[in-house]
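Structure first, then comments.
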Amino acid sequence: MPVAELKDTITFLGTGGARFTIAKQLLASGGAWMNLGGVQILMDPGPGSLVYAIKHSCDPTKLNAIILSHKHLDHSVDINVMIEAMTEGGWKKRGSVFAPSDAFNNGAVILPYLQGFPQSVEILEEGGGYAVGDVEFTTPVKHIHQVETYGFIFRTPRHRFSWITDTRIFDSLADHYKADLVIINVLSFEKRLPVDHLSLPDAEELIRQIRPKMAILTHFGLTMWRTHPWEAAHKVSDDTGIKVVAARDGMVFDLAEVDRI
Ligand SMILES: [Zn+2]
């Protein structure tokens, strides 16, 4: 296919985050399935990732990579079954797995017997740069979270976008994630220190600092769910003058939408 026809899409398998939203499945979980010009990457395969992937016609045997931002269960619990699916039960040595070092050792969430199944396993580090086919990504800064955690800047031949995963807000955070499209994990509606997560006011502050063309909010905890993420996104949009939307379970986002803004 000519490059002009290639698309970059993100399917939000689930938009729920943290224990209560996940335990009751008030929102689905399972991470995001990115199809970046045919390079298929699953990020943060939380609970139900396999089932939701199949439901949304994403084929785990076609995966090129699985990326884990950190090992908390709401991000990682399906990683083993997805590695097995990606490698067809270990019979086909294929695909890559990227995760922080503590996902492999010291309370590993990736089972030792599966660690040899993919074609490559790479450890995420602060300032690291990685590639899957013609898709490149970096992990610019270590986040402030209970376990080793990174966010991402992805670059495809067509688009560049950043994803700020779980973290407490800190001074230079926005500087690391400048992009036309920013995806932000927003756990709570109000600032709830000392929780190591972003709240809606934190997200608004980041959006003001980064000034992307567009921001997508996801990974909602109970207080965000109760107050309706799409209404919260609308308010941040009105306040900042920047297009902000809330991801919905199963939403397929085409990055060409950012080009049109
Ligand atoms: Zn977490």
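Values in this text are rule-based calculations from the coordinates and carry no lab data. Computed from a prediction, not measured in an experiment: that's the story for all the values here. So basically every Cβ, Gly included, is an ideal-geometry build from the backbone, and we count neighbours across all protein chains shown.
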Completion exercise
Scanning region 172-188 for residues that are small (Gly, Ala, Ser), in a loop (DSSP other than H, G, I, E, B) and out of contact with any Ser or Thr (no Cβ under 7 Å at 6 or more places or on another chain) gives Ser172
Practice task
Starting from residues that are away from the ligand (no atom under 16 Å from the Cβ) and in contact with an Asp or Glu (Cβ under 9 Å, 6 or more places away or on another chain), keep the ones in region 102-124 and report whichever is nearest to Glu88 (Cα to Cα).
Solution key: Phe117
Handout entry: Selection count where residues are of a type in the set (Ser, Thr, Tyr), more than 14 Å from the ligand (Cβ to nearest atom) and within 16 Å of the chain's Cα centre (by Cα), scope region 157-208
Key = 2
Fill in the blank from the handout: Quick count over region 1-20, residues being surrounded by 20 or more Cβ atoms within 10 Å (Cβ to Cβ), over 16 Å from Phe137 (Cβ atoms), touching a Leu at 6+ places or on another chain (Cβ under 7 Å) and not hydroxyl-bearing (Ser, Thr, Tyr), is 4
Problem - Residue in region 86-106 that is over 23 Å from Thr167 (Cβ atoms) and assigned to a helix (DSSP H, G or I) present - result: yes
Problem - Unique residue being closer than 21 Å to Arg19 by Cα and of a type outside the set (Asp, Glu) when the list is His219, His234 - result: His219
Problem - Residue match in region 84-99 (condition: surrounded by fewer than 24 Cβ atoms within 10 Å (Cβ to Cβ), within 19 Å of the chain's Cα centre (by Cα) and hydrophobic (A, V, I, L, M, F, W, C)) - result: no
Handout entry: Scope region 127-138; condition surrounded by 14 or more Cβ atoms within 10 Å (Cβ to Cβ) and farther than 14 Å from Gln40 by Cα; matching residues
Key = Gly128, Tyr130, Thr138
Practice task
Starting from residues that are of a type in the set (A, V, I, L, M, F, W, C) and closer than 19 Å to Asp44 by Cβ, keep the ones in region 174-188 and report whichever is surrounded by the fewest Cβ atoms within 10 Å (Cβ to Cβ).
Solution key: Ala179
Practice task
Considering only region 170-226, state which residues are among the β-branched types (Val, Ile, Thr) and within 20 Å of Thr149 (Cβ to Cβ).
Solution key: Val182, Ile183, Ile184, Val186, Val195, Ile210, Ile216, Thr218
